[in-house]
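What follows is a single structure, written as structure tokens, with notes after it.
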Amino acid sequence: MKTFSRRNFLQVMMMSGAASTVFSSHSLLACTNRIQKSRLGIVLVGLGYYSTDLLAPALQLTKKCYLAGIVTGTPEKAEKWKKQYKIPDKNIYNYQNFDQIANNPDIDVVYVVLPPSMHAEYTIRAAKAGKHVFCEKPMAMTVAECESMIKACKDNKVKLAIGYRCQHDPNTREYMRFAKEKTFGKVQMVACGAGYFDPRTDHWKQKKALGGGVMYDMGVYALQGARLATGEEPIAVTAQHFTTRPEIYKDVDETTLFQLQFPSGAVATCHTSFGINMNYLQANCEKGFFKMEPFSAYSGNQGSSSQGVIQFPLANQQAKQMDDDAETILANRAFLVPGEEGLRDIRVVEAIYQAARSGKQVKL
Ligand code: NAD
């Protein structure tokens with residue numbers, strides 16, 4: 001297949017007079033970039049814990065993408081990151097001038113690492129700017145928001161991936177394989193828990209308006225565990241909320257228990273909490289079992305099955321996730337974890353909150 005350099009491509013377009021009539025300046029830039037790049041430039045939006053401690057360090061290890069820019073509302077953070085990661089001034093944005101990213105050929109992907117209430121807005125703005133999007137979990141607050149994010153990306157011909165890092169981890173893929181191939185027969189029962197003790201008292205995770213609540217935050221890991229271990233989508237849910245610190249968890253859930261029924265007859269009992277440390281998955285099957293502990297950590301996921309040990313080494317989970325996704329864009333393939341997968345979870349999360357409020361089973 002013939003490949004054009006950026007310069008050749010621009011020359012051909014200019015000579016044919018097509019550039020001014022067919023392409024807007026940003027789509028022309030985006031187009032030429034996609035033709036020649038071997039590594040994609042990522043801009044991190046929101047420089048909190050996850051960007052600072054995990055994603056930026058991981059981007060120093062990636063081969064298919066690199067940290068090209070940042071979006072922050074804090075000038076001191078911009079100064080610090082600029083020096084630490086040698087980011088040029090032209091690739092540093094704030095929340096007001098973010099949309100000008102459309103004119104920046106260094107940026108191919110916008111990685112949204114903001115509180116969940118802001119995921120839909122920034123994904124849609126990034127899509128309108130002609131940039132691919134990686135969006136952190138939970139995808140958004142509602143099914144309607146998820147659908148509008150998917151539509152915006154489709155309308156603007158960009159791709160949308162959700163930051164479910166575990167699905168890029170070979171340990172997770174191994175138990176997904178057991179479910180798919182029915183290695184131990186049908187999966188009959190799953191128990192899964194994801195939680196940690198959060199000592200913070202005034203954080204967005206404790207505020208409904210910003211997307212707080214443990215079901216959105218850690219609950220999606222337990223839900224993913226049950227969905228991936230069965231390889232099925234739940235058809236009915238029941239749920240209960242509990243709190244031991246009502247003065248902190250005033251308007252969101254601190255601990256949620258939920259139970260899922262699957263079409264095959266499999267059942268899952270799941271737990272998630274901001275008050276209890278837990279990270280485990282157990283699946284009982286017709287002809288055996290598989291279990292993982294931890295099942296959704298950043299590193300060291302491991303377990304066993306009726307066949308023996310499950311333990312695949314992985315150097316850096318976030319680097320693997322971002323390289324997998326960058327490679328997917330470069331090869332124009334479908335993402336391992338597209339927007340539709342984030343939407344599947346939020347549909348169940350909405351039903352879980354409804355079930356906990358009503359005390360009744362909710363059918364999906
Ligand atoms: P954080 O609170 O540490 O950082 C949030 C960032 O958003 C901060 O830089 C903050 O300044 C910025 N921000 C902009 N507008 C804000 C507003 N109105 N209110 C509050 N903050 C605002 O949060 P975090 O732990 O980095 O989480 C960010 C996202 O990453 C969340 O969606 C979270 O679920 C996700 N996350 C994912 C993983 C994972 O393993 N995939 C791990 C941690 C966090």
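Leaving out ligands, DNA and RNA, what percent of the accessible area of segment 183-274 is carbon and sulfur, probe 1.4 Å? Before the final figure, lay out each step's value.
Details: 2110 of 3440 Å².
Carbon and sulfur atoms account for 61 percent of the accessible area of segment 183-274.
Mind ranking 178-184, 224-230, 305-311 by how tightly packed they are, going by the mean number of other C-beta atoms within 10 angstrom, highest first?
On the way: 178-184: 16.6, 224-230: 25.4, 305-311: 13.1.
Per-residue mean Cβ counts within 10 Å order the peptides as 224-230, 178-184, 305-311.
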*Mind ranking 98-110, 163-175 by how tightly packed they are, going by the mean number of other C-beta atoms within 10 angstrom, highest first?*
163-175, 98-110
*Reachable aspartates and glutamates from K250, criterion Cα separation under 12 angstrom, eight or more residues apart if same chain*: D202
*What ³J(HN,Hα) values, in whole Hz, does the Karplus curve 6.51 cos²θ - 1.76 cosθ + 1.60 give for segment 102-118 when θ = phi - 60°, with x put for Gly and Pro?*
3, 9, 10, x, 6, 9, 9, 10, 9, 9, 8, 10, 9, x, x, 5, 9
*Take the alpha carbon gyration tensor of segment 294-364, find the square roots of its eigenvalues, order them as a ≥ b ≥ c, and report rounded if a/c is under 1.5; if not, report prolate when a/b exceeds b/c, else oblate.*
oblate
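Could you compute the net charge surrounding K151? Neighbours are other residues with a C-beta less than 13 Å from the C-beta of K151; K and R count +1, D and E count -1.
Details: positive: K128, K154, K157; negative: E145, E147, D155, E340.
Charge balance in the 13 Å sphere: -1.
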*On the accessible surface of segment 280-364, probed at 1.4 Å, how many percent belong to carbon and sulfur atoms?*
48 percent
*Whole-percent carbon and sulfur share, accessible surface of segment 126-175, 1.4 Å*: 55 percent
*Amide H neighbours of F134 under 5 Å, counting only residues 5+ apart in sequence or on other chains, H built in-plane at 1.01 Å?*
V110, Y111, V112, A161
*Compute the long axis of helix 6-15 from its Cα atoms, compare it with the longest principal axis of the Cα atoms of the chain, and write down the angle in degrees, 0 to 90, nearest 10.*
60 degrees
*asked:* Which of A266, A222, A334 ends up with the largest GNM mean-square fluctuation for the chain, with Cα atoms connected below 10 Å?
replied: A334
*Bin all alpha-carbon pair distances of segment 235-364 at 10 Å intervals from 0 and give each bin's fraction as a whole percent.*
10, 27, 36, 24, 3, 0
*Over 18 Å between C-alpha atoms is what I'm after, so list which of K137/K186; K37/K83; K180/K287 land there.*
K137/K186; K37/K83
*asked:* Taking the 0 to 90 degree range and rounding to the nearest ten, how far is the long axis of helix 170-181 tilted relative to the main principal axis of the chain, both from C-alpha atoms?
replied: 60 degrees
_Estimated vicinal HN-Hα couplings, Hz - segment 294-301 in sequence order (Karplus 6.51, -1.76, 1.60; Gly, Pro = x)_ = x, 10, 9, 7, 5, 8, x, 4
*Sequence-distant residues sharing a close amide H with L40 (under 5 Å, placed H)*: C65, Y66
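Where the only charges are on Cβ atoms (+1 Lys, Arg; -1 Asp, Glu), what is the dipole of segment 287-364 about its Cα centre, to the nearest 20 debye?
On the way: 9 positive and 9 negative charges, 115 e Å.
That gives a dipole near 560 debye.
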*Whole Å is fine, so just give me how far the alpha carbon centre of segment 33-96 lies from that of segment 265-290.*
37 Å
*If you plug each phi of segment 218-224 into the Karplus form 6.51 cos²θ - 1.76 cosθ + 1.60 with θ = phi - 60°, what whole-Hz ³J(HN,Hα) values come out, in order, with x for Gly and Pro?*
8, x, 5, 5, 5, 5, 4
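Give me the accessible area per residue for the chain, probe 1.4 Å, as a whole number in Å².
Values: 16340 Å² over 364 residues.
Heavy-atom SASA per residue in the chain reads 45 Å².
The values are calculated or read from the model by the stated rules, or taken from the named source; none is laboratory data. Since this is a predicted model, take the numbers as computed values, not measurements. Every residue, glycine as well, gets a Cβ built from its backbone with ideal geometry; the counts of neighbours run over all protein chains shown. These accessible areas exclude ligands, DNA and RNA; they are computed on the full protein's heavy atoms, side chains included. Shrake-Rupley method; radii C 1.70, N 1.55, O 1.52, S 1.80 Å.
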